[in-house]
Amino acid sequence: MINTPFTLPCGVTLGNRIAKAALTERQAKANHLPNKRHFDLYDHWAKNGAGMMLSGNILVDKRYLESTGNVVVEDKTDITPFKKWAEGVLNHGNHFWAQLSHAGRQATLFSTRKPVSASDVKLNKMGLFGKPKALSESGIEDVIKRFIHGAVFCKKAGFSGIQFHAAHGYLISQFLSPKTNKREDKWGGSIDNRARLLFTIVEKARKKLGTNFPISVKLNSADFMKGGYDQNDAKIVIKGLEERGLDLVEISGGTYEQTALFGYGLKESTQRREAYFIDFAKEMKTEYKIPLMVTGGFRSLDFCNEVLTNEELDIIGFGRPFLIKEDFPSGFINGSDSIIPDPYFEVLDKNNPDNAEAGFYDLQIKNLAKGKGLNHEYSGLRLATHIGISEMKQGLKNWIFG
Ligand SMILES: Cc1cc2nc3c(=O)[nH]c(=O)nc-3n(C[C@H](O)[C@H](O)[C@H](O)COP(=O)(O)O)c2cc1C
């Protein structure tokens, strides 16, 4: 099953059911452009046969970054390196879609002390985030313009599809969640209002990109926080996306406060089971026709084939497996590999295990991008401090050279 092609509503066919999920590269210099490290990294991944690959999040506003090393697309951005990046992957026969995002209140202090969001609800995590300012009406219009410009730019650069990042607590997800969206205007309140930003972006993008270009959204099944965006909200959003002719919804979950995307904070029964969001996807599959990609926790070929055969989803997204096995997913495709084992790494700060996790996987991306191969032997101290130190260093360089 995993090797069968899949045709999207726009008419485009993906070669198999394996997608490389977005993995932020954090490799850009102060100019925020893709560079040799991006080209080499994706050349490595593309060779191994995923039907579709997503870029790491490309930010649409340089002022509010998820990482100081983010690639950014703005009005005056040079398209040349983006063309090279896209062409490199397409030459291997894979699809390559650009994931567009705005960090909102999850922009760290290394990028801004004054982030923006739906409302002024601060993110309290390790003292890394400033209190956000609620976007004005014209600020929201500017955000929409930036997403649409980013989508048109990436299509022009040669990417074969687009994904809007509406999950994991970034700006669009901040609008979707009643915990971070306290607005009383047309952008807040009911889920229809909270989803207005996402729906407007998708509608405008479809008009600009045409009917035969893949458009996708990464969406949380829930934030997994009391009083937050829940599965009932997600169902309404998915229905709205289907009505707007979206090609693919990628289901994930969680935010920086509750990192369900990595499996943390979920019910023990869910955590133990492979694939964190499969039950929700299964339910959506019975209610809607929109194609579903599900990402998070898939590790065995048998299970992947089973859920595909049962039509519980259409595409399987993999993130960390690309950083656990150097040639993933070629073994899944030719049947020589059936399990991706979770690696062991030391966690010093037991209250923030996701920090060591982020450090561990970011180091793997950097190793692959430098052509060094994976290295799973790092001390707990290195993992705990890696992201903070590299963000600080790049933040300083951005300030000097940007
Ligand atoms: C190092 C790293 C970077 C990530 N960057 C992004 C990103 O840029 N955009 C995104 O939507 N998800 C991002 N994710 C989440 C993955 O796409 C995926 O949802 C998550 O890792 C769960 O899937 P897995 O169990 O197959 O790893 C990232 C995950 C990791 C480990």
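So if I check each of Asp354, Asp314, Asp362, Asp327, which one is more than 23 Å from Gln27 (Cα to Cα) and either within 16 Å of the ligand (Cβ to nearest atom) or within 22 Å of the chain's Cα centre (by Cα) (or both)?
So the residue among Asp354, Asp314, Asp362, Asp327 that is more than 23 Å from Gln27 (Cα to Cα) and either within 16 Å of the ligand (Cβ to nearest atom) or within 22 Å of the chain's Cα centre (by Cα) (or both) is Asp314.
If the condition is being hydrophobic (A, V, I, L, M, F, W, C) and either on the phi > 0 side of the Ramachandran plot or surrounded by fewer than 22 Cβ atoms within 10 Å (Cβ to Cβ) (or both), then region 98-109 contributes only Leu109. Leu123 satisfies every condition listed in (1) under 23 Å from Ser216 (Cβ atoms); (2) touching a residue at least 40 places away in the same chain (Cβ under 8 Å); (3) out of contact with any strand residue (DSSP E or B) (no Cβ under 7 Å at 6 or more places or on another chain) except (1). It is to be established whether one or more residues within region 137-158 are more than 18 Å from Val72 (Cα to Cα), in a loop (DSSP other than H, G, I, E, B) and either away from the ligand (no atom under 16 Å from the Cβ) or aliphatic (A, V, I, L, M) (or both). Within region 137-158, not a single residue is more than 18 Å from Val72 (Cα to Cα), in a loop (DSSP other than H, G, I, E, B) and either away from the ligand (no atom under 16 Å from the Cβ) or aliphatic (A, V, I, L, M) (or both). Residues in region 370-386 that are of a type in the set (A, V, I, L, M, F, W, C) and either touching a Phe, Trp or Tyr at 6+ places or on another chain (Cβ under 9 Å) or away from the ligand (no atom under 16 Å from the Cβ) (or both): 2 in all.
With the requirement that a residue be surrounded by fewer than 20 Cβ atoms within 10 Å (Cβ to Cβ) and among the small types (Gly, Ala, Ser), what does region 184-221 give you? Within region 184-221, Gly188, Gly189, Ser190, Gly210 qualify.
Is it true that Lys122 is under 24 Å from Pro81 (Cα atoms), more than 16 Å from the ligand (Cβ to nearest atom) and not in a strand (DSSP E or B)? It is false that Lys122 is under 24 Å from Pro81 (Cα atoms), more than 16 Å from the ligand (Cβ to nearest atom) and not in a strand (DSSP E or B). In region 293-376, counting only helices (runs of 4 or more DSSP H) that sit wholly within it, the ones holding 2 or more residues that are aromatic (Phe, Trp, Tyr) span 353-369. If the condition is being farther than 18 Å from Trp45 by Cα and within 10 Å of the ligand (Cβ to nearest atom), then region 330-343 contributes only Asp342.
Which residues, taken from region 338-358, are touching a residue at least 40 places away in the same chain (Cβ under 8 Å) and in contact with a strand residue (DSSP E or B) (Cβ under 8 Å, 6 or more places away or on another chain)?
If the condition is that a residue be touching a residue at least 40 places away in the same chain (Cβ under 8 Å) and in contact with a strand residue (DSSP E or B) (Cβ under 8 Å, 6 or more places away or on another chain), then Ile339, Ile340 are the ones that fit.
Among the helices (runs of 4 or more DSSP H) confined to region 176-271, there are none with at least 3 residues that are β-branched (Val, Ile, Thr), free of Cβ contacts under 8 Å to residues at least 12 places away in the same chain and away from the ligand (no atom under 16 Å from the Cβ). Does Ala46 meet the test of being within 14 Å of Ala86 (Cα to Cα) and out of contact with any Leu (no Cβ under 8 Å at 6 or more places or on another chain)? Against the criterion (within 14 Å of Ala86 (Cα to Cα) and out of contact with any Leu (no Cβ under 8 Å at 6 or more places or on another chain)), Ala46 qualifies. Taking the residues in region 81-119 that are within 16 Å of the ligand (Cβ to nearest atom) and of a type in the set (Ser, Thr, Tyr) as candidates, determine which candidate is farthest from Pro34 (Cα to Cα). In this case the residue turns out to be Thr108. Summed over region 338-354, residues that are modelled with pLDDT under 90 and surrounded by 17 or more Cβ atoms within 10 Å (Cβ to Cβ) total 1.
To keep it simple, each residue is scored yes or no on (1) more than 13 Å from the ligand (Cβ to nearest atom); (2) under 21 Å from His386 (Cβ atoms); (3) crowded, with 24+ Cβ neighbours inside 10 Å; (4) over 18 Å from the mean Cα position of the chain (by Cα).
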| site | (1), (2), (3), (4) |
| --- | --- |
| Leu33 | yes, no, no, yes |
| Lys36 | yes, no, no, yes |
| Asp43 | yes, no, no, yes |
| Lys47 | yes, no, no, yes |
| Leu54 | no, no, yes, no |
| Asn57 | no, yes, yes, no |
| Lys62 | yes, no, no, no |
| Ser67 | no, yes, yes, no |
| Ile79 | yes, no, no, yes |
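The number of residues in region 293-314 that are within 22 Å of Ile236 (Cα to Cα) and surrounded by fewer than 23 Cβ atoms within 10 Å (Cβ to Cβ) comes to 3.
The values are calculated or read from the model by the stated rules, or taken from the named source; none is laboratory data. Note that the structure is a prediction, hence the values are computed from the model and not measured. Neighbour counts run over all protein chains shown; Cβ positions are idealised from the backbone, glycine included.
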